[in-house]
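The next block holds one structure in the form of structure tokens; read it before the comments.
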Amino acid sequence: MSLTIAFFPEGAFGPTNNCVGIGNVLRERGHRVVFIIEESFAGTLEAQGFEERLMRLGPAPEVEEAPGQFWKDFVAENAPVFQTSTFDQLAGFIEPTFRALADGARYVNDRLTEIIEELDADVIVEDNVIAFPALPASGRPWVRIVSCNPTEVEDPEIAPVFSGLPDADRSGWDGFRTEYERVLAPVHDEFSAYCVEQGAPPLEPRSFMHESPYLNIYAYPEEVDYVRGQPLGPTWHNLDSTIRSGDGAWEMPDQVAAGEGSLIYLSLGSLGSADVGLMQGLIDTLNGTSHRVIVSMGPLHDQLTLGPRMAGAEFLPQTSILPMVDLVITHGGNNTVVESLHNGIPMIVLPLFWDQHDNAQRIEETGYGARLSTYGHESDELSATIDRLLADQPMHERLGAISRRLKERDGVAGAAELIEGLAGPAGDG
């Protein structure tokens, strides 16, 4: 029986792409798949064959927006805080981000309620970092996808979310949690009260998302996942990796294909790549090595200058490129981290904000790459780290084993099956 399944991802490429991978499988199985997206993304999902329902998280701008433009502008305005510690980022970036997210959830609540009623979906799949009370208030089965680092789901035995603190040294954990509570409790409690007013449950302490009573999914390979003091409940499923398909083929330009040296992929995400000074500095360092480089250049690509053994573009089909490369330099976005592990590729992680610090630390402490200070590292340090990781044969063997296991598991199909089971007879009760 054909089902109507609605996906509601956060207005950024990472969560949207994560949902697209699962949505493609469901559509291939004959289901109607609809994406609830911000107006700035209009047409992007339709071009991939999906239905769209549009909404806004704030008043319409005077000029047309690029996809996710609100958050690009928001990050640009807050960029100086990325050079501060994760402790200082709580007040400097995390709190204003959650406040903006909460404002957006309030603004869209009525429109979201309209969309949910109009679609009459069998199940709604949400991939967001903040609750939208219209979903649980609707009474319909809904799924929570966590496409950020698993520290988003709190546990006393794992490092606090957004901290980037090590597992082996827990001396800073309590102080970070105390500061988190001091900074974020007011906006949390205010938003939790709003959720109740709209017919949704209250939020758990320190969490800005409801746990779905139906189904909760995350994808973080077990080789790097955290050991919890309080195991997650039966509605939770770790699918290890949910890698999207359909990025399209990519032909390597001659100056890269014909060159010598290892092949490196540099990507700081659509937001991090907007820091031209940081990006150009990395490009210049890499140009001084013997390696070839593919650069995801981002929205300000026309302001970046590549070297002779490099190729790049504003947008690149990342999942098609990763199987070709030997090493990834990344900001630590969850999609790139998991996709790199899926392909058995070591990483150098240069975190900027949010869970990127947690991913950077996890890759460092599990031995599948290195974490460097994004703004504080020296060129020689980056070059030496590249050479060290490329030469680490035992690490490459362990990465190869991870890659083989993840590809055999097929987490995308697993996610689709869980969603089908919830929407079908098993989910009717």
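The values are calculated or read from the model by the stated rules, or taken from the named source; none is laboratory data. All values reported here derive from a predicted model rather than from experimental measurement. All Cβ positions, even for glycine, are placed from backbone atoms using ideal geometry, and neighbour counts span all protein chains on display.
Considering only region 125-160, how many residues are under 21 Å from E339 (Cα atoms), assigned to a loop (DSSP other than H, G, I, E, B) and out of contact with any strand residue (DSSP E or B) (no Cβ under 8 Å at 6 or more places or on another chain)? Within region 125-160, residues that are under 21 Å from E339 (Cα atoms), assigned to a loop (DSSP other than H, G, I, E, B) and out of contact with any strand residue (DSSP E or B) (no Cβ under 8 Å at 6 or more places or on another chain) number 3. Number of residues in region 253-305 that are under 21 Å from Y375 (Cβ atoms), in contact with a strand residue (DSSP E or B) (Cβ under 8 Å, 6 or more places away or on another chain) and part of a loop (DSSP other than H, G, I, E, B): the value is 4.
Residues are listed down the side, and each one gets a yes or a no for (1) touching a His at 6+ places or on another chain (Cβ under 8 Å); (2) part of a helix (DSSP H, G or I); (3) in the same structural domain as L282 (by TED's automatic domain parsing):
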{"site": "G307", "(1), (2), (3)": "no, no, yes"}
{"site": "S320", "(1), (2), (3)": "no, yes, yes"}
{"site": "I329", "(1), (2), (3)": "no, no, yes"}
{"site": "G332", "(1), (2), (3)": "yes, no, yes"}
{"site": "V338", "(1), (2), (3)": "no, yes, yes"}
{"site": "I345", "(1), (2), (3)": "no, no, yes"}
{"site": "I348", "(1), (2), (3)": "no, no, yes"}
{"site": "A360", "(1), (2), (3)": "no, yes, yes"}
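In region 247-273, the residues that are surrounded by 14 or more Cβ atoms within 10 Å (Cβ to Cβ) reach residues that are among the β-branched types (V, I, T) and in a loop (DSSP other than H, G, I, E, B) with C-beta atoms within less than 7 angstrom, at least six apart or across chains, in these pairs: L263/V325; I264/V325; Y265/V325. Counting only residues that are out of contact with any helix residue (DSSP H, G or I) (no Cβ under 7 Å at 6 or more places or on another chain), free of Cβ contacts under 8 Å to residues at least 40 places away in the same chain and not hydrophobic (A, V, I, L, M, F, W, C), region 313-336 holds 1 of them. Pairing residues of region 397-424 that are under 16 Å from D240 (Cα atoms) with residues that are of a type in the set (G, A, S) and crowded, with 17+ Cβ neighbours inside 10 Å, at Cβ distances under 7 Å and at least 6 apart in sequence or on separate chains, gives L399/G344; G400/G344; I402/G344; S403/G344; L406/S241; G411/A219; G411/S241; V412/G21.
Taken over region 171-186, the criterion of being over 14 Å from A159 (Cβ atoms) and within 23 Å of the chain's Cα centre (by Cα) is satisfied by L184 alone. Residues in region 74-100 that are part of a helix (DSSP H, G or I) and either at pLDDT below 95 or small (G, A, S) (or both): 16 in all. Checked against (1) modelled with pLDDT of 95 or more; (2) within 21 Å of M347 (Cα to Cα), S192 passes all but a single condition, namely (2). Close contacts from region 296-312, counting a first residue that is crowded, with 19+ Cβ neighbours inside 10 Å and a second that is among the basic types (K, R) and part of a strand (DSSP E or B), with Cβ to Cβ under 7 Å and a gap of 6+ residues or different chains, come to R309/R292.
Is it fair to say A168 is in the same structural domain as T86 (by TED's automatic domain parsing), out of contact with any Gly (no Cβ under 8 Å at 6 or more places or on another chain) and either surrounded by 17 or more Cβ atoms within 10 Å (Cβ to Cβ) or not in a loop (DSSP other than H, G, I, E, B) (or both)? No; evaluated as a whole, the condition is false for this residue. N287 passes all but one of (1) surrounded by 24 or more Cβ atoms within 10 Å (Cβ to Cβ); (2) under 13 Å from I264 (Cα atoms); which number fails? Every listed condition holds for N287 apart from (1).
For region 248-299, a residue qualifies if it is charged (D, E, K, R), at pLDDT below 90 and under 27 Å from the mean Cα position of the chain (by Cα), and the qualifying residues are E251, D275. Is one or more of the residues making up region 101-109 touching a residue at least 40 places away in the same chain (Cβ under 8 Å) and closer than 24 Å to Y375 by Cβ? No, the conditions are met nowhere in region 101-109.
If I filter region 397-413 for residues that are farther than 30 Å from N216 by Cα and of a type in the set (A, V, I, L, M), do I get at least one hit? No, region 397-413 has no match at all.
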